[in-house]
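The values are calculated or read from the model by the stated rules, or taken from the named source; none is laboratory data. This one's a predicted model, so the numbers in the text were calculated from it and none came from an experiment. When we count neighbours, we look across all protein chains shown, and the Cβ atoms used for this are built from the backbone with ideal geometry, even at glycine. Surface areas here come from the heavy atoms of the whole protein model, side chains and all, with no ligands, DNA or RNA. Shrake-Rupley method; radii C 1.70, N 1.55, O 1.52, S 1.80 Å.
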Amino acid sequence: MAALPLATAEVCDANPHLIMNGELRALQPIFQIYGRRQVFAGPIVTLKVYEDNVLIREFLEEKGQGRVLVVDGGGSMRCAILGGNPVQQAQNNGWAGILVNGCIRDVDEINGCDIGVRALSSHPMKANKKGMGEKHVPVNIAGTRICDGEWLYADTDGILVSRTELTV
């Protein structure tokens, strides 16, 4: 179920109590914006990998149902863990977005897809294919602990994570 995109600045202004108690967190502004969908939101699915993209591809082959895949790639800048083909598949399978704490490649192809993608940078080298990683585990990205089932809201101002779905 896709969430209604909300303006992150307005959400912060309207919910100081949620920020104070930690239910609403803003990620540090370290991500580049990719994909045609600059504003996206949805329930989070977490994945932890390091320089390996097998599990990412497996997740994106599933029906997305408006969810956001949050991938902790350990912040690696040595290779890309997401490329154009899996992003195209994610778009076709109904994912709202993908957040990558690591690098992507095939940027022109990704920028042509109607999906939101955030990543640290781009890198031409591909990832390993060993299938190593952990699914549905808490991850720490950009100064924020993110858990499976929380909600992510992204726009051109930034990225918010909420324990629950937010309404306007």
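Multiply the residue separation of Ile30 and Asp148 by 0.36 nm, subtract the distance between their alpha-carbon atoms, and state the gained length in nm to one decimal.
Details: separation 118, 0.36 × 118 = 42.48 nm, distance 2.12 nm.
Once the chain is fully extended between Ile30 and Asp148, it gains 40.4 nm.
Distance between the C-alpha centers of the range 5-32 and the range 108-147? Whole Å please.
21
Counting DSSP beta bridges with both partners in the chain, what percentage is antiparallel, nearest 5?
Just about 50 percent of them are antiparallel.
Using a Förster radius of 25 Å, what is the FRET efficiency between Val39 and Met125 based on their Cβ-Cβ separation? Nearest 0.05, please.
Step by step, r from the Cβ atoms, then E = 0.25.
Treating the beta-carbon of each Lys and Arg as +1 and of each Asp and Glu as -1, no other charges, what is the dipole magnitude of the chain about its Cα centre, to the nearest 20 debye?
Taking the Cα centre of the chain as origin, the dipole is about 420 debye.
Counting helices only, and only those DSSP H runs with n ≥ 4, report the 222 nm mean residue ellipticity of the chain as the sum of -39,500 (n - 2.57) divided by its residues, in deg cm²/dmol to the nearest 500.
Here the helix-only value at 222 nm equals -5000 deg cm²/dmol.
Carbon and sulfur: what percent of the range 109-168's accessible surface (1.4 Å probe)?
48
Could you give the nm distance between label points at His17 and Val137, where each point is 7 Å from its Cα heading toward the beta carbon?
Those two pseudo-labels are separated by 3.6 nm.
Can you pull out the trypsin sites (Lys or Arg not before Pro) in the range 71-148 whose DSSP state is coil and whose Cβ has at most 15 other Cβ atoms within 10 Å? Don't skip to the end; give the middle numbers.
Numbers: sites: Arg78, Arg105, Arg118, Lys126, Lys129, Lys130, Lys135, Arg145; in loops: Arg78, Arg105, Lys129, Lys130.
Those satisfying the criteria are Arg78, Lys129, Lys130.
Pick the calculated Cα Rg over 2.2 N^0.38 Å for this structure from [x] 1.40; [y] 0.94; [z] 2.21?
Derived directly from the coordinates: [y].
With the dipole of the range 72-168 worked out from charges on the C-beta (+1 for Lys and Arg, -1 for Asp and Glu) around the Cα centre, which of Thr164, Trp95, Gly143 lies farthest toward the positive end?
Working it through, the farthest residue towards the positive pole turns out to be Gly143.
Per residue, how many Å² of accessible area does the chain show with a 1.4 Å probe?
47
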